[in-house]
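Scroll down for the structure; my scribbles are underneath it.
The values are calculated or read from the model by the stated rules, or taken from the named source; none is laboratory data. This is a predicted model, so every value here is computed, not measured. Heads up, the Cβs are rebuilt from the backbone with ideal geometry, glycines too, and the neighbour counts pull from every protein chain shown.
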């Protein structure tokens, strides 16, 4: 799976779960200020991504530092690559 | 202590007939049935009833996701009905959020469908790792009340009585008492429930569900009828805005009716089978609080669900107290039994009957049963100058409620 594919699948999963328009999902989009998501949504986002990519995120403290969409893309790419390695 | 007078200034309904109190009442006036064959029920092994009255025509996407995410269908119904009641009463934003408005809204249980989602995963994997964050908010006992209060910014008390089928009249009673005592100026009161096969199964297991009309859904339930065979479950939400008379006057609100009596008693003779005597006592207490005699009541809106035992016990109690001439009807023949919403939906219809001077007859009452014949059972709409109505609402567990409505006068 390429990084672009990971980004595309991440965006699609998030858009579906949180009923967002794909056009809103630009890399610089802030989860809180631009997408209107909060800490409860973050909990569900973890589950959605775990199921989408077959990875384990759980209560990884790194997830708490994610502020914008590009942060999440990087996190999932790293996680996916670590899983494959 | 001087108790305050309590009036009704807003109505809101989501019923198996659709959205709106007006839609509900028009369907009742037109004698419609909301009961339909539900194919899903026939696939459940051992389940007798294959009919139900399900809410139609609601698009939950009309509610923003951020608000809807903590809501199961019953909270969606409750929110829509609450907004309708507050809009009708012209309650502005400041009044909604300033603390003078509280809410008393209950359901029989939390969302069974959501519990099913949880256990489907949990029992298979013995894991909670796939459980999303919103689950608890949908299954907690006060889910409807909390969701509505959060969404509308209701800052007064949040009460969530749960007394099975008597829930919403208890909620109205709690709201009435809170206002009468001066604790709140306005209370949004009622009940909500969503259909799940477990609800129908509950009544089927205790042999109280209608099972003989699966091929003729609109012929059941049949309150007071010779050929009645039990309850038909339905769903929805009914909300009434109660307000102190002083508050309503100060706002220039349109007053729809006055609540002048409420009583709730326990029938400890059985957890499942109603006894006429406690039912009569409950109605007597409500009348006494209203300062009325039985002869003053123009119409009795019965709880009558269409069960063999329940309808007979209630009609005996009504006959003992009101005699054979006061008109009595049940609205469950039209819309089934909306569980925690039933009392409030029917009370809304009572307010409409009071305002329009029409008594809605019992649908599917073709041959009044001998055991129910002690009371007057209208067979068609009666036009009458209605001044006072008593509304009954009972529940498994031996919970009885009665509310006295009267036309408002200075």
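Some notes on this structure:
- Residue within segment B:268-285 that is touching a residue at least 60 places away in the same chain (Cβ under 8 Å) and closer than 17 Å to residue B:379 by Cα present: no
Conditions (1) within 19 Å of residue B:65 (Cβ to Cβ); (2) more than 12 Å from every other protein chain (Cβ to nearest Cβ); (3) touching a residue at least 24 places away in the same chain (Cβ under 8 Å), marked per residue:
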{"position": "A:10", "(1), (2), (3)": "yes, yes, yes"}
{"position": "A:30", "(1), (2), (3)": "yes, yes, yes"}
{"position": "A:40", "(1), (2), (3)": "yes, no, no"}
{"position": "A:54", "(1), (2), (3)": "no, yes, yes"}
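- Only one of the numbered conditions (1) under 16 Å from residue B:28 (Cβ atoms); (2) over 20 Å from the mean Cα position of the chain (by Cα) is violated by residue B:389, and that is (2).
- Some residue of segment B:174-195 being assigned to a loop (DSSP other than H, G, I, E, B), modelled with pLDDT of 95 or more and farther than 24 Å from residue B:9 by Cα: yes
- Any hit, segment A:14-25, residues being more than 14 Å from chain B (Cβ to nearest Cβ) and not in a helix (DSSP H, G or I): yes
- Which numbered condition residue B:276 misses (of (1) touching a strand residue (DSSP E or B) at 6+ places or on another chain (Cβ under 9 Å); (2) surrounded by fewer than 24 Cβ atoms within 10 Å (Cβ to Cβ)): (1)
- Only one of the listed residues (B:211, B:202) is part of a helix (DSSP H, G or I) and out of contact with any strand residue (DSSP E or B) (no Cβ under 6 Å at 6 or more places or on another chain). That residue is B:202.
Per-residue answers, yes or no, for (1) under 21 Å from the mean Cα position of the chain (by Cα); (2) touching a residue at least 40 places away in the same chain (Cβ under 8 Å):
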| position | (1), (2) |
| --- | --- |
| B:168 | yes, yes |
| B:175 | yes, yes |
| B:178 | yes, yes |
| B:184 | no, yes |
| B:191 | yes, yes |
| B:202 | yes, no |
| B:208 | yes, yes |
| B:218 | yes, yes |
| B:225 | no, yes |
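- Cβ separations smaller than 6 Å between residues 6+ apart or across chains give the following pairs from segment B:365-387 residues that are without any contact (Cβ under 8 Å) to a residue 24 or more places away in the chain to residues that are in a loop (DSSP other than H, G, I, E, B): B:379/B:361; B:380/B:361.
- Output for segment A:53-85, where each listed residue is farther than 22 Å from residue B:133 by Cβ and touching a helix residue (DSSP H, G or I) at 6+ places or on another chain (Cβ under 6 Å): A:73, A:77, A:80
- Checking each residue in segment B:166-196 for being in contact with a helix residue (DSSP H, G or I) (Cβ under 6 Å, 6 or more places away or on another chain) and farther than 22 Å from residue B:150 by Cα picks out B:169, B:196.
- Residue B:16 meets each of the listed conditions (1) closer than 18 Å to residue B:189 by Cβ; (2) in contact with a strand residue (DSSP E or B) (Cβ under 9 Å, 6 or more places away or on another chain) apart from (1).
- Candidate set from segment B:72-90 (those that are buried (at least 24 other Cβ atoms within 10 Å of the Cβ) and in a loop (DSSP other than H, G, I, E, B)); member that is farthest from the other protein chains (Cβ to nearest Cβ): B:89
- Condition check for residue B:11 on (1) out of contact with any helix residue (DSSP H, G or I) (no Cβ under 7 Å at 6 or more places or on another chain); (2) at pLDDT 95 or above; (3) more than 14 Å from chain A (Cβ to nearest Cβ): one failure, at (1).
- Some residue of segment B:188-197 being under 22 Å from residue B:249 (Cα atoms) and crowded, with 24+ Cβ neighbours inside 10 Å: yes
- Residue list for segment B:51-71, filter: surrounded by 18 or more Cβ atoms within 10 Å (Cβ to Cβ) and part of a helix (DSSP H, G or I): B:68
- The set of residues in segment B:120-164 that are free of Cβ contacts under 8 Å to residues at least 12 places away in the same chain, outside any helix (DSSP H, G or I) and within 13 Å of another protein chain (Cβ to nearest Cβ) comprises B:127, B:128, B:129, B:130, B:132, B:133.
This table checks each residue for (1) over 17 Å from residue B:388 (Cα atoms); (2) not in a helix (DSSP H, G or I).
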| residue | (1), (2) |
| --- | --- |
| B:292 | no, yes |
| B:306 | yes, yes |
| B:314 | yes, no |
| B:321 | no, no |
| B:325 | no, yes |
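- Flag for residue B:99 being more than 14 Å from chain A (Cβ to nearest Cβ), part of a loop (DSSP other than H, G, I, E, B) and surrounded by fewer than 17 Cβ atoms within 10 Å (Cβ to Cβ): yes
- The listed residue being away from chain B (no Cβ under 12 Å), under 18 Å from residue A:3 (Cα atoms) and part of a helix (DSSP H, G or I), out of A:63, A:77: A:77
- Here residue B:30 passes the criteria (1) touching a helix residue (DSSP H, G or I) at 6+ places or on another chain (Cβ under 6 Å); (2) away from chain A (no Cβ under 14 Å) except the one numbered (1).
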